[in-house]
Structures are given as C-alpha cells and as structure tokens.
Amino acid sequence: MGDRYRLALCVVAVVVLFMFGGLIKLQIVQHDELSALSESNRLRVVPIVPPRGIMYDREGRQIVNNRPSYTLSVVPAEEVKGKTLANLSTVIGLDTTQIRRNVRRTMITQYQPAPIMRDVPFDKIAVLEERSGDFPGISYQMDRVRQYVAPPGSEAFSGYVGELSADEVERVDPDLYRLGSMIGKKGLEKQYDQLLRGKEGTAYFEVFSSGQVLGPYAGKQRVEAVAGADLTLSIDLDLQQLATQVFDSFCCGAIVAMDPRTGEVLALTSYPGFDANVFSGVVSESLWNAVSTNPAHPLLNRDLNGLYPPGSTFKLITVGAGLEERAIDINSTFRPCYGGYQFGTRFFRCWDKGGHGILTATHALEASCDVYMYQLGLKIGIDGLSKYMGACGFGKPTGIDLPGEAAGLNPNTEWYNSRYGKNRWTNALTLNNAIGQGEILTTPIQLAQFYCGLANHGLVYRPHLVKSIRYPNGKSAPVTPELSFKLPFSESTLATLNEGLRLVVEGNQGTARRLKNDLYSIGGKTGTAQNPHGNDHSWFVGVAPLENPEIVCCAIVENAGHGSEVAAPVVGQIIKKYMEKKLGLNKVAQATIPEVQP
Amino acid sequence: MILNYRNLDWKLIGVAFALSVIGILLIMSATHFSSSSFERYYYQRQALWLCVAMFVFAVIVHLPFRFLDLLAYLFYAVGVILLALVLVIGHTRLGASRWFDLGPISLSPSDVGKIGLLLALARFFAYTRLPVTSKRRLALSALLMLVPALLVLKQPDLGTSLVFFVVLFALWFWSGLSPLYLLLIVTPIASLVTASHWLSWAIYLVALLVFLTLLKPGMLFSVVAFTSNLGFGMITPFMWNRLADYQKSRIITFLDPGHDPRGAGYQIIQSKIAIGSGGLWGKGFLSGSQAKLDFLPERHTDFIFSVLGEEFGLLGCLIVIVLFGYLFFRCLKIAVRCRSRFASYLIAGATAIIFFQFVVNIGMAIGIMPVTGLPLPFLSYGGTALVLFWTLIALIVSADYNWQEY
C-alpha cells in the first residue's frame, strides 16, 4: 500500500509540475506575444474617410462634388439562405450569384456588414425599409459618392475615381491607400489625387468576437481625418457646356480653349465622352466592355491623346520658318499656283483646283495655298521644318497638369531613315510636311499651345487647369502661370503670322470669312487633315480679340471634311460665347456669326 | 446517523468549498457581459446548485457507510439503466444525447453512471477472492466498466467514457496490479496513436522491444504485449475512419492548432491567448477581454480555467492547482489510512475521477492535451457535475469518518 501511495503522489506531483511548466511558458515566456494577440483580437481599426475635395470652375460653380448616398450591405451570419438574397435580387436587380461574388470580395467577418452595392437609389432603400422582414441580414449605411455635374465630355479633364484594385495596391504608398479605397483613375482626379483625397483618419473600436462594437478602444487615440483640398479650375462652365453642345451633331472630336496670356484652359472636351458618374465606384464588366469596345473610343481623351496630322494649321510654322531662315521676306513670291505643283514625276495638287495665282506669305496663309507652301517647304528642307516644329512645342508633351499626355510625332531625316531606310524616301515627303500632312502627328492641346504663343508675343505659358488650391485650413494658394518656352520667331515674323491669321477671317480670299463680324476682331487658321481611314478631319484654331488676344480655341471634328465648313463655325460659337460674357450679352447677340452647320 | 462533526475532515471540505466558490466567481466573470440575460445569471444558478450539492453531501455523510457498500450494485444498475434510457429518450444537443430534460434543469446520467461504476468496482475488488493477476478478475472488472462506458461512447461522448476506463485503471492499480502490467495494458493505445505516421510507429515499436527486453516480464507476456501493439497499430487507419468529423478535427487540432485557426483550432488558440495575456498577476476580476468579448468559447464550462488564467494570472492558477494538489494529497492519505478495503478503493477511484478531469481539462486549456470537453471539477458550470463531485467528496469524507471500520 505504501508503494502505491508514494507512486500515486509522484504522479500527482509530476502532473502539477507539468502544469506549472505549461503556465510559465504561456504566462511568462510568451506573455508579450499573447498579450499583443489578445489586444489585436478585440481591436477593430476603422478608417475615417474624409470628404474628397470639390472642383469649382473659374466662377465658383461646382464641377465635381460629393453626393450623399446609401451603400447596401449584408451581414452574412444573419442572412437567411434562400430568402434574403432571393428577395433582394428582385429589388436591386442584381442576380444572387453576382451578390454572392460582391459579398465574397468585401466580407471581413461573418458578423460585419459586407457591402453589396454602392449608391442605391432612395426608392429601393424605401422598399427595403418597408418590407424589412423580407430581408433578414440586410442593412444600409450612409456614404458619399463622387458626383460629376459638368456635361459629359468634361470627363476629359475631370477624370473619375474608382476603387483601388488588388494589383494597383502594390504600386501606391501603403500609408495613404488601402485596398478598396477610392483613388483617382484618370484626369485631374488622378493628377491631384493626394490633394483631393486628404488624409484618412483612424478610429479604434473594441469589438466582441462577433464583430459587434462595444465602444471606443481605450488604448489608442483616434486619429481625425484631414479633408481633401478643393480645386478651383480655370474652366469656364459656360464655354464647357457649349463645347459639348456643339458636338451633338457630330460623331467625334475635341475642343480646347485657352487663355494665351496665362496658359489657363477655359474649356476642354473630348467627344464622345462618357458619364464619369457611372464609373465612380464599382464598374460592372458589361459596362466596361460596352465602353471600351465602342468604335468611337469614348475612353480616348482626344485633346491629349488624339494624334492627328495638323493639316493647314501647320502652315504658320512653314511660313514662320521661311521668314526666320530668310528663305522669304514679306514681299517674296513663288511661281504662281495653277491648282497644283509638278514635283519630279508627281503632281502635287492644291486644295483649290482653280488655283491662287501669285501670292505673298500673308495671302498664302489667307487662302491656305498649298502650292506656295510646297515651294517654301522645299527651300527650308525637311529638317528645317522639323527644327521649327520642335521649337514650337510639337513632338513632346505640353506638360499640362493631366496625366498620360501623348507626345505626337515630329519626323526628321533621322526618323525617316530609320523608318524607310536610307535613300529609300524622297524629298516629296517635304512637300507633304510643308502643308501639315504626311507623318506629322499633333494633339489638339499642342496645336492650341502653339497658337497661344502666336497670340501672346511668342511667349508660351504651360497649359494648366488648376487656378488655385484651397486647403482644408482655409488657405488658398493660387497657381502662378509658368512660362514654358518662347516661339523661335522674331517680333516681325510674329506680326506677319498674325496678319495671316487676321486675313483668314477678314481677307477676301480668307478660308474662314464667315466668322467675320463688326463687333470684335477674330483671326484663325483652318485645316483639313487627310485621313487614310475615311473622310478628312476638320480643324480650326481661332484667336480673339486680335488686337490683344484673350482666347485661343482649337477644334477638331473627325471625318467632317474641310476646316472652313465645320470646325471654324464650331470655334466661332465658342469665341462668340466668350465675347458675349466679356462685352455684355445684347451687343454681341447682334453680331452675325453663322450657326454651326453639320 | 448522529455524527461527531468535529471528526469530519474539514480541511478536505474546505478545499472543495473554496474551489466551488472560486468557480462561481469565474462563472460570473465569464458570463457577466453576455448578451443573453439567461447566461448572465449562470453564476446564481451555480450558487443554487452548490446549495443542492451541499445538501446531497450532508445526506450522504449522514448515511451509514455500510449502506453504500451493500447497495453498490444497485447504484450501478440504476446508472446503467439511466445511461441506456438517455440514448432512447434523451435530449439531443449538438448531435449528442447526453441529457434528460427535466423542465428547468437537465440531468446528465453519465455522472450517475460514474458513481455507480465506482461503487460497483470498489465492492468487486474489495470482496473478490481471485488473485490479482487472474484473467477472470481482470475480465470481470473490465466487463463491469465496459457496459456503462460503451453506452456513454454511443451518445457519443469519448471524453466521459475515458473517465470510466480511468476508474477501472485506478482500481486495478490500487488493488495491487503491478504497474508494469498496467503499462502494457495501456501500450496498445499508445500504439494506436503513434501509428498515425509510419515513422513514429516504427520508433515506438523499437522502444517497446527495448523496454520488454530490459524488463523481462516473461516470454508469453512479452509476445502478447507486442502482438497486441502491432494489431492496434494496424487498425489505426480503420479506427480513424470510424471517428466522427469533430473527433478527427479535435485530434488534428491538438497536434497543430494553427491548422485551421478560425475553425477547430480556434478554441485552443483563444484559450492560450487568454491565459498567456493574463501574465503574472492577471487582468483583474471581470476585466478579461478574451472572456468579456466572447473570444473564449465555452468559457463558463470547458474553458473556465482560461478565464482564471486571464483574470488572475499565474498567481491565481497556482493557487487553484495547489488547492487541487492538496485535495489529492489529502484523499490519498485517507485512502491509505482506511482499514476497510471497500472504503480505500472507493476513495482511490473517486480521487482518480477528480484527478483525471483536472488533468485533462487544464491540459486542454493550456494546450498540452486535446480538446475533450470534460469540465474542471468544482469550477466548471454544470449542476449535475457539481453534485457529482460533492458526492465524491461526501464518499471520501464519510469513509474517512469511519476509517477504523473494517
């Protein structure tokens, strides 16, 4: 008996020692580690998303703002299988598999609301509220949704926001962004994202294991959110509105209007646009496919990324280069234009079969005579043209405060050699380039920038959209215009070119004679870009008022034919609107500006 | 029967009472913040049950000790009948029929069965004339155990059926079976476990061979022991497939709690977090976040020790373990002192039940044993269990009071 007693006591002692060992391991050795786990167990970190900055036009009208909305969620643990989602799908019009997919994507735990759908219309919420018994586990929260109030086409500069996707999250600063947070995807929303978004705050809650919130977590200080900065844009909503309206009768194109004195963009539209509102938030696959496969390419921002031959609008460079290189002076003439020019074995036509006769530089611009330009181009040479083209800002981005701008193409001998091979191309290409056709590609914003330089004594200010930034502390910081470069033209050359612009409207031979009016002076240049895929594109760049230009407006209407017929009246409308606002409505209304004819 | 109260073992009663009161405080802490108002009053119900248990204790202590001896088999029969009955008309909860639903309370017949088996085995070993190593003696006692144990296993409740086996095992030991024999009876089970992987099984079998060669328990015995080991090892895959899913996952979870941290491993991980975060002094009464915020599952029953560890730290755990250690020490002392073999066996068996549940429950809470769902004696919430343990204490105290009787 004594042995057994001792053995039994030993067993008890060993077991007790084992327990002590286990407890010391947990409560002393692993104490810090397990304490941290116990804290993280009960701690829920909730981001506080500040309102995103608002964008105003130059007169303080809202272009982009935030709208209260309802976000619909389901608590997976409270959902009744076969009832909740089936009933829900009849109300919100998503099928149950789609709802399930959304829940899987957003679910944190079984007990926390997993968002199903953002921005649910109020009438649907009313139905859910009224028949709440039919939707066990469904809840909704107040939220904010980005709202784009500017007309469609304004998306070209505003861009849109969207949820940060799983592959994007690796490329951004993890302190500022997290999976599912809203981020600017395009346009100003992207360019100024860090300013607009502000800084997310953090709230700390103590939670039950079920996810139910007990109250604020005592161990950590709440970090308040910092609201986003507001942007005042140089956009004039009236011009923007009109720029969109004039496109109603055309398929595609772009308009940009700028103030040549500062580089401020007054209107910028790309057509067809799309509604940025439907892109804010979760974009369904079908919508994405519909937009991205649309043959009219609504996703292409034509102002910055549409690449077109400049056509006759380029002739200002040809003439400017000729004057600077002393290939011509203001009185020089070439062989007369009889409707074309024989170069080697090929006959290069002038756009006007009737011919223009003998012309000086300004009148060659007025009538946009191709034959004059052919002969001038040959004197300057292909590299001479390219040099001046580059110095006028072509072939490289303008540096506008929008992301993803295209560079265009400024070809020279080197480029042609690599493209076609040495001696595999002839000087005939020079003739094409001299009239802005051939391989040269420009964007509307580059062309507008160049004309701004012409209108502003050769000084080119960097195109920009943001006029001032208002920080959440109430302070405003105006954006000072930045001199980008100077045109390579002397005062006298500039005077000659501007005279050419004037004659295009006011001269007897002018290609945009119809814009002439007696209330304000307007100049400009038409262009017709040959399009190998279809009808020619119609260009016009207008400048007004000529004595002291305040607005440069560049328009391209795709496949619309001659610049003088389509793009010029479009620009005329916009300039008329601008002058209306400047001079007072009634006076200008009497001016005889032709309506846009499709 | 008129008692001389001064001769009762008040130290033993005091320890059991202290543990019961600590239990009520911990249950209060565990359910204080519960969203269910019913659960919030668990500690009051437990206090009420403690009163019932004290009453039962008083009744048993006042019964003549002989009475227990005489009626031992009757108790056993009642226990077995109840266990059989519960399978037929029992209340099914979580897939197991373990309770009789008696209005506001539910009665667990396995607790009655435990006492029945304890009395029956104590009586069997006290009066049998069969030699200690006789096969009939081993077989008969095993049969007595197997009937209730299999009924419990059918519920199914693996953990509780193990308690029945432990009672038999303890009494074999206490009635004189050599520890070597006991070891070899247990080895097939070790074989069963190690055979889950061929390498561990091979190592185990080699170790067994070395062990048998060194101890030389006799050729026949060695051969039987080794073959049974081999046999049990070979049926492991078959046995594994027979286990219920929750039993499989409990075993996997014990071996690797991180295997499924949101599922089966959750309880062990959360229990370790609770105990570990308690540290040396604990977070204080009613301040354990793991318990308060519902992270600790089954915290008023199976994981009451984790609440203790979280709120009262290492110090609190040590106090409770020392109290239990003293209880076992005291019980074993009484078991040795008793002159009646029936009394001695009864005490040894009762101590074994308390000890086994103590080891398995705390071992589970600190993560060194698999989850079995056995409550911690005196501390875990549960009326019938509390009455059972106080009945065991009553038997021990009564035996001690009559220690001089043969």
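The values are calculated or read from the model by the stated rules, or taken from the named source; none is laboratory data. Everything quoted here is computed from the prediction, not taken from an experiment. A quick note on method: Cβ atoms are made from the backbone with ideal geometry, for glycine too, and the neighbour counts reach across all protein chains shown. Areas reflect the complete protein model, heavy atoms only, side chains present, ligands, DNA and RNA absent. Shrake-Rupley method; radii C 1.70, N 1.55, O 1.52, S 1.80 Å.
Quick one: how many residues across the stretch A:414-467 are among the small types (G, A, S), under 21 Å from A:L376 (Cβ atoms) and buried (at least 23 other Cβ atoms within 10 Å of the Cβ)?
Restricting attention to the stretch A:414-467, the residues satisfying the condition of being among the small types (G, A, S) are A:418, A:421, A:428, A:434, A:436, A:438, A:448, A:453, A:455, A:458.
From the residues that got through so far, the ones that are under 21 Å from A:L376 (Cβ atoms) too are A:428, A:434, A:436, A:438, A:453, A:458.
Subset that is buried (at least 23 other Cβ atoms within 10 Å of the Cβ): A:434, A:436, A:453.
So the answer is 3.
Looking at the structure I just gave you, is A:G253 crowded, with 22+ Cβ neighbours inside 10 Å and under 30 Å from A:L72 (Cα atoms)?
Values: crowded, with 22+ Cβ neighbours inside 10 Å: yes; under 30 Å from A:L72 (Cα atoms): no.
When the stated conditions are applied, A:G253 does not pass them.
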**Message:** Criterion first (open to solvent by 70 Å² or more (accessible area, probe 1.4 Å), in a helix (DSSP H, G or I) and at negative phi) does A:I28 satisfy it?
**Reply:** yes
**Asked** Within the set of pairs 6+ apart or on separate chains, which have a first residue in the stretch A:532-552 that is of a type in the set (S, T, Y), a second that is open to solvent by 50 Å² or more (accessible area, probe 1.4 Å) and at pLDDT below 90, and C-beta atoms under 9 Å apart?
**Response** A:S538/A:N559; A:S538/A:H562; A:S538/A:E565
**All helices (runs of 4 or more DSSP H) inside the stretch A:328-419 with 1 or more residues being β-branched (V, I, T) and free of Cβ contacts under 8 Å to residues at least 40 places away in the same chain** = A:370-380
**Request:** Take A:F20 and decide whether it is of a type in the set (A, V, I, L, M, F, W, C) and either in contact with a Gly (Cβ under 6 Å, 6 or more places away or on another chain) or within 14 Å of chain B (Cβ to nearest Cβ) (or both).
**Result:** yes
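Identify, from the list A:G215, A:G273, A:G201, the residue that is open to solvent by less than 10 Å² (accessible area, probe 1.4 Å) and either away from every other protein chain (no Cβ under 14 Å) or in contact with an Asp or Glu (Cβ under 9 Å, 6 or more places away or on another chain) (or both).
None of the others qualify; the one that does is A:G201.
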**Message:** Condition (residue is of a type in the set (A, V, I, L, M), part of a loop (DSSP other than H, G, I, E, B) and at pLDDT below 75) applied to the stretch B:272-290: is it met by at least one residue?
**Reply:** no
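Yes/no per residue for (1) modelled with pLDDT under 95; (2) open to solvent by 10 Å² or more (accessible area, probe 1.4 Å):
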site: B:I319; (1), (2): no, yes
site: B:F324; (1), (2): no, no
site: B:C338; (1), (2): yes, yes
site: B:V359; (1), (2): yes, yes
site: B:A365; (1), (2): yes, no
site: B:P370; (1), (2): yes, yes
site: B:L386; (1), (2): yes, no
**Item:** the stretch A:537-587: number of residues that are closer than 23 Å to A:R261 by Cβ, under 23 Å from the mean Cα position of the chain (by Cα) and in a loop (DSSP other than H, G, I, E, B)
**Value:** 0
**Request:** May I ask you to verify whether B:V80 is among the hydrophobic types (A, V, I, L, M, F, W, C), at pLDDT below 95, more than 17 Å from B:V387 (Cα to Cα) and in contact with a Pro (Cβ under 6 Å, 6 or more places away or on another chain)?
**Result:** yes
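Of the residues A:G153, A:G133, which single one is out of contact with any Cys (no Cβ under 9 Å at 6 or more places or on another chain) and closer than 23 Å to A:I92 by Cα? Quick ask: steps written out before the conclusion?
Values: A:G153 fails: closer than 23 Å to A:I92 by Cα.
Exactly one of A:G153, A:G133 is out of contact with any Cys (no Cβ under 9 Å at 6 or more places or on another chain) and closer than 23 Å to A:I92 by Cα, namely A:G133.
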**Request:** Would you confirm whether any residue within the stretch A:421-434 is in contact with a helix residue (DSSP H, G or I) (Cβ under 7 Å, 6 or more places away or on another chain), closer than 19 Å to A:N498 by Cα and not β-branched (V, I, T)?
**Result:** yes
**Message:** Considering only the stretch B:144-157, I want to know if a residue exists there that is within 14 Å of the chain's Cα centre (by Cα), touching a residue at least 40 places away in the same chain (Cβ under 8 Å), away from chain A (no Cβ under 14 Å) and surrounded by fewer than 24 Cβ atoms within 10 Å (Cβ to Cβ).
**Reply:** yes
**Request:** Could you grab me the full set of residues in the stretch B:365-386 that are within 14 Å of chain A (Cβ to nearest Cβ), hydrophobic (A, V, I, L, M, F, W, C) and assigned to a loop (DSSP other than H, G, I, E, B)?
**Result:** B:I366, B:I368, B:M369, B:L376
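Could you please let me know if B:Q267 is more than 8 Å from every other protein chain (Cβ to nearest Cβ), in a helix (DSSP H, G or I), modelled with pLDDT under 85 and crowded, with 22+ Cβ neighbours inside 10 Å?
Values: more than 8 Å from every other protein chain (Cβ to nearest Cβ): yes; in a helix (DSSP H, G or I): yes; modelled with pLDDT under 85: yes; crowded, with 22+ Cβ neighbours inside 10 Å: yes.
Considered against the rule, which asks whether it is more than 8 Å from every other protein chain (Cβ to nearest Cβ), in a helix (DSSP H, G or I), modelled with pLDDT under 85 and crowded, with 22+ Cβ neighbours inside 10 Å, B:Q267 comes out as yes.
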**Request:** Inspect all residues belonging to the stretch A:289-305 and state whether any of them is modelled with pLDDT under 95, buried (at least 24 other Cβ atoms within 10 Å of the Cβ) and among the hydrophobic types (A, V, I, L, M, F, W, C).
**Result:** yes
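Residues are listed down the side, and each one gets a yes or a no for (1) under 30 Å from B:F285 (Cα atoms); (2) modelled with pLDDT of 95 or more:
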| residue | (1), (2) |
| --- | --- |
| B:L8 | no, no |
| B:V15 | yes, yes |
| B:Y43 | yes, no |
| B:L63 | no, no |
| B:L70 | no, no |
**Options B:L220, B:L212, B:L243: the member that is more than 23 Å from B:S110 (Cα to Cα) and either surrounded by 12 or more Cβ atoms within 10 Å (Cβ to Cβ) or of a type in the set (D, E, K, R) (or both)** = B:L212
**Item:** Filter pass, A:F343 being among the aromatic types (F, W, Y) and either touching an Asp or Glu at 6+ places or on another chain (Cβ under 6 Å) or surrounded by fewer than 17 Cβ atoms within 10 Å (Cβ to Cβ) (or both)
**Value:** yes
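Quick one: how many residues across the stretch B:17-41 are outside any helix (DSSP H, G or I) and either at pLDDT 90 or above or open to solvent by less than 60 Å² (accessible area, probe 1.4 Å) (or both)?
Step one: of the stretch B:17-41, the residues outside any helix (DSSP H, G or I) are B:32-36, B:41.
Imposing the further condition that a residue be either at pLDDT 90 or above or open to solvent by less than 60 Å² (accessible area, probe 1.4 Å) (or both) reduces the set to B:34, B:36.
Within the stretch B:17-41, residues that are outside any helix (DSSP H, G or I) and either at pLDDT 90 or above or open to solvent by less than 60 Å² (accessible area, probe 1.4 Å) (or both) number 2.
Kindly indicate whether A:S209 is within 14 Å of chain B (Cβ to nearest Cβ) and surrounded by 16 or more Cβ atoms within 10 Å (Cβ to Cβ). Full working, then the answer.
Values: within 14 Å of chain B (Cβ to nearest Cβ): yes; surrounded by 16 or more Cβ atoms within 10 Å (Cβ to Cβ): yes.
Here the answer is yes, as A:S209 does meet what is asked.
Name the residue, out of A:R4, A:R44, A:R104, that is of a type outside the set (F, W, Y) and more than 14 Å from chain B (Cβ to nearest Cβ). If you could, list the steps in order and put the result at the bottom.
Details: A:R4 fails: more than 14 Å from chain B (Cβ to nearest Cβ); A:R44 fails: more than 14 Å from chain B (Cβ to nearest Cβ).
After applying the criteria, what remains is A:R104.
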